[in-house]
Amino acid sequence: MGELDGRVALVTGGGRGLGAATALALAEAGADVALLGRSAATLNAVGQAIGERGRQSVSVVADVADWEQVRAAVAEIEQALGPIAMLVNNAAVVSVTGRVAEMDPAVWARDLAVNLNGPFYCARAVLGGMVKRGWGRILNVTSGAGSRPMAGAAAYSVSKAAVNFFTDILATELEGAGVIAIAVSPGMLDTDMQAGMRSIPLPDTDLFRRAHAQGWLRPAEEPAALMRWLCGPAGEDFAGQVVSVNSSAIRARVGLPDLPDGLRRP
Ligand SMILES: NC(=O)c1ccc[n+]([C@@H]2O[C@H](COP(=O)([O-])OP(=O)(O)OC[C@H]3O[C@@H](n4cnc5c(N)ncnc54)[C@H](OP(=O)(O)O)[C@@H]3O)[C@@H](O)[C@H]2O)c1
């Protein structure tokens, strides 16, 4: 028996990177997993891997920044798999396009729409059912850029700071409801998002080239294992908090290897 047997998860951006790793980790723990993103091909490939693990999956093409699409996607998923018990708000975009003085307002609006409106729309669409059933997990994927300003990526940084605050508000509103909201900081991962940032020839992206050269990028399977753990009873201790995969104390509890010097946090 898996710890999450019989539960249904929705993972946004589940077709690649951290979303794909998390979807597989939840399936391995016994969950059926719905995948939402904009590319059917990548979603279907992950859906097939979930099937190979003996779990059900459904893929829905939708843009998290569009409320009507999110609402329709959740209805389709619940029709196919049953009520959503776990939501992983993972989908995000990062635009490192220059500092605020030169930033295109359309870029600002799009980053905020995907990274902040998206998690709100998805939470809004599933919360009523979770509260009615008295059990749920909402995991909002955040970033170190939500706690420390990331120059050159103002919209991303602000969106992740807002995600942290949104998580805290959810936890306050949901106290005693059996639904736990947690922000998860996944560390620097070897995904398309990192590759995209280090390919941008600006001084603000030097950090990402250095991190890559020094071998600091970690596998997405590590924060995926953390999120699987937080979907279990352990999650009850972290309502409203930002839980970092780089914390040595957390890594020890999840069973992840210790990090090299320079990445390790208390
Ligand atoms: N990589 C890192 O080092 C790092 C560090 C800190 C935090 N994070 C956070 O971790 C999460 C995952 O990052 P990642 O590195 O796995 O990113 P990624 O490789 O760029 O993947 C992003 C995912 O989001 C989906 N997505 C983007 N816009 C969407 C939209 N409008 N509607 C629906 N889906 C959308 C993409 O799928 P489609 O393109 O098919 O839509 C893709 O599956 C993000 O929240 C990110 O901010 C990452």
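The figures follow:
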read-out	value
Residue in region 66-73 that is surrounded by fewer than 22 Cβ atoms within 10 Å (Cβ to Cβ) and away from the ligand (no atom under 15 Å from the Cβ) present	no
Residue pairs meeting the criteria (Cβ under 7 Å; at least 6 apart or on separate chains; first closer than 17 Å to I77 by Cα, in region 36-54; second away from the ligand (no atom under 14 Å from the Cβ) and hydrophobic (A, V, I, L, M, F, W, C))	I50/A27
Filter result for the condition that a residue is of a type in the set (S, T, Y), at pLDDT 95 or above, closer than 26 Å to G196 by Cβ and within 8 Å of the ligand (Cβ to nearest atom), over T42, T22	T42
Count of residues meeting criterion [in contact (Cβ under 8 Å) with a residue 12 or more places away in the chain, out of contact with any Leu (no Cβ under 6 Å at 6 or more places or on another chain), away from the ligand (no atom under 12 Å from the Cβ) and not β-branched (V, I, T)] in region 165-195	8
Checklist (1) surrounded by fewer than 22 Cβ atoms within 10 Å (Cβ to Cβ); (2) modelled with pLDDT of 95 or more; (3) more than 9 Å from the ligand (Cβ to nearest atom) applied to V61, failing item	(3)
Qualifying residue in region 109-125 (condition: in contact (Cβ under 8 Å) with a residue 12 or more places away in the chain, touching a helix residue (DSSP H, G or I) at 6+ places or on another chain (Cβ under 7 Å) and more than 15 Å from the ligand (Cβ to nearest atom))	no
Selected residue (only one of P233, P203, P257 is more than 18 Å from the chain's Cα centre (by Cα), away from the ligand (no atom under 16 Å from the Cβ) and within 20 Å of V94 (Cα to Cα))	P203
Every residue from region 4-28 that is closer than 14 Å to V141 by Cα, in contact with a Gly (Cβ under 7 Å, 6 or more places away or on another chain) and among the aliphatic types (A, V, I, L, M)	V11, A20, A23
Helices (runs of 4 or more DSSP H) (entirely within region 156-245) containing at least 1 residues that are surrounded by fewer than 21 Cβ atoms within 10 Å (Cβ to Cβ) and of a type in the set (G, A, S)	192-198, 206-213
Leading residue by the ranking (surrounded by the fewest Cβ atoms within 10 Å (Cβ to Cβ)) among those in region 1-36 that are touching a Lys or Arg at 6+ places or on another chain (Cβ under 8 Å) and in a strand (DSSP E or B)	D32
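The values are calculated or read from the model by the stated rules, or taken from the named source; none is laboratory data. Keep in mind that what you see is a predicted model, and the values were worked out from it rather than measured. Here Cβ is always computed from backbone atoms with ideal geometry, including for glycine, and neighbour counts include all displayed protein chains.
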